[in-house]
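Undergrad: To start, I am sharing the structure in question, which I have written as structure tokens.
The values are calculated or read from the model by the stated rules, or taken from the named source; none is laboratory data. Since the model is a prediction, treat every value here as computed from it, not as a measurement. Using ideal geometry, Cβ is built from the backbone for each residue, glycine included, and neighbour counts are taken over all protein chains shown.
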Amino acid sequence: MFFTGTAQDVLRSTSNDQILEPTDLVGIWSYRVADIDNGYEEGLLIVDKMEGLYAVQVQLQNRGSLNAYDVLVEGDVMQFHVNLDGVERVGVVLGIKGKELEGQVITGEGSRFSVKGAKQLPEN
């Protein structure tokens, strides 16, 4: 199961529905999640594309890293899941515009947290 339409609808209403090229996404992105303070609130997203599939790793400050799964890119929206503490599945939906990202983290209970970020590398 993936996300309900609501998170995508919010992002699509503000997006340009542009098609992202791999060079637009691949790289290192810093991110910050609003209104949480549990060690997951900021870090890096490392995005790569291998054999036609995107791979995302979430590097947490002082908490190691998480591999994302169910990575999907449609238009200018990227979404994926991660497991927090090995058990809690959360969804992430991100709208990408140039070197900026904005979206939501959605918990299994339906709580939503705003996330913003910027591309750090490559700089081109």
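Undergrad: Restricting attention to region 54-71, which residues are aromatic (Phe, Trp, Tyr) and either loosely packed, with under 12 Cβ neighbours inside 10 Å or under 16 Å from LEU20 (Cα atoms) (or both)? Let's see the steps before the verdict.
TA: Step one: of region 54-71, the residues aromatic (Phe, Trp, Tyr) are 54, 69.
The one that is aromatic (Phe, Trp, Tyr) and either loosely packed, with under 12 Cβ neighbours inside 10 Å or under 16 Å from LEU20 (Cα atoms) (or both): TYR54.
Undergrad: Filter region 1-19 down to residues that are surrounded by fewer than 16 Cβ atoms within 10 Å (Cβ to Cβ) and part of a loop (DSSP other than H, G, I, E, B) and give me whichever is modelled with the highest pLDDT.
TA: So the residue we want is ILE19.
Undergrad: Please list, ordered by first then second residue, the pairs with beta carbon atoms under 7 Å, 6 or more apart or interchain, first in region 67-85 and in contact (Cβ under 8 Å) with a residue 12 or more places away in the chain, second among the acidic types (Asp, Glu).
TA: Note: pairs meeting the criteria are GLY75/ASP17; ASP76/ASP17; PHE80/ASP70; HIS81/ASP70.
Undergrad: Given the conditions (1) out of contact with any Leu (no Cβ under 8 Å at 6 or more places or on another chain); (2) at pLDDT 95 or above, report the number of the one that GLY110 does not fulfil.
TA: GLY110 satisfies all of (1) out of contact with any Leu (no Cβ under 8 Å at 6 or more places or on another chain); (2) at pLDDT 95 or above except (2).
Undergrad: Related question: When you scan region 96-104, do you find a residue that is among the acidic types (Asp, Glu) and at pLDDT below 95, even just one?
TA: Here is the first cut: in region 96-104, the ones among the acidic types (Asp, Glu) are 100, 102.
Now drop any that are not at pLDDT below 95, which leaves none.
No, region 96-104 has no match at all.
Undergrad: Quick one: GLU51 ticks every box in (1) modelled with pLDDT of 95 or more; (2) over 23 Å from GLN18 (Cβ atoms) except a single one, so which number is it?
TA: (1)
Undergrad: Oh, and also: Residue check, GLU74 against (1) surrounded by fewer than 16 Cβ atoms within 10 Å (Cβ to Cβ); (2) out of contact with any helix residue (DSSP H, G or I) (no Cβ under 9 Å at 6 or more places or on another chain); (3) of a type in the set (Asp, Glu), all met but one. Which one?
TA: Result: GLU74 fails condition (2) only.
Undergrad: Among the residues of region 83-115, how many are more than 9 Å from the chain's Cα centre (by Cα) and either exposed (fewer than 13 other Cβ atoms within 10 Å of the Cβ) or farther than 17 Å from SER65 by Cβ (or both)? Break it down into steps so the answer makes sense when it comes.
TA: First, the residues of region 83-115 that are more than 9 Å from the chain's Cα centre (by Cα): 83-90, 96-100, 106-114.
Checking the rest, the ones that are also either exposed (fewer than 13 other Cβ atoms within 10 Å of the Cβ) or farther than 17 Å from SER65 by Cβ (or both) come to 85-88, 96-100, 106-114.
Going through region 83-115 one residue at a time, the tally reaches 18.
Undergrad: Does GLU123 satisfy the criteria of being in a loop (DSSP other than H, G, I, E, B), within 21 Å of ASP48 (Cβ to Cβ) and modelled with pLDDT under 95?
TA: Numbers: in a loop (DSSP other than H, G, I, E, B): yes; within 21 Å of ASP48 (Cβ to Cβ): yes; modelled with pLDDT under 95: yes.
Yes; evaluated as a whole, the condition is true for this residue.
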